[in-house]
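Only the coordinates and a few stated rules stand behind these numbers; no lab work does. Nothing here was measured: the structure is a model prediction, and the numbers come from that model. For neighbour counting, all protein chains shown are included, and Cβ atoms are generated from backbone atoms with ideal geometry for every residue, glycine included.
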Amino acid sequence: MFSKCSKLTTVDLSEFDFTNVTDMSYMFSSCNNLEYIDLSSFKNNNTTRIDNIFDFCGKLKKIKLNNSCGSIRNMINQNIIEFC
C-alpha cells in the first residue's frame with residue numbers, strides 16, 4: 001500500500017477500516033523517512049500476516065496502537081522490523 005514511499009514521514013490511519021485486511025506484509029517497507037504512524041483504529045480482525053511491515057524504516061520513532069490491538073501485538077514476534 002505504501003511500500004517504497006520514500007517521502008512519506010507520517011501516516012494517520014486512525015480512521016482506516018482494517019476489518020477485511022488479511023495481509024499487511026511489507027505495507028510500509030522501504031519508507032525510509034517514515035517517523036510516525038497511527039494504527040489506533042487497528043483492532044482484532046482478520047489480519048493474519050504482518051511480515052516485514054516496517055522493513056527499512058530507519059527513521060521510525062513511534063507507532064500508535066490502541067489497547068485492543070491484541071492481534072498485532074501477538075504477531076510482533078514475527079520478523080516485522082528489519083534493517084531499521
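Please give, to one decimal in nm, the separation of the simple spin-label points placed at residue 8 and residue 62, each 7 Å out from Cα toward the Cβ.
1.9
Scan around residue 12 for amide H atoms under 5 Å from its own, H built in the peptide plane at 1.01 Å from N, and keep only partners 5 or more places away or cross-chain.
38
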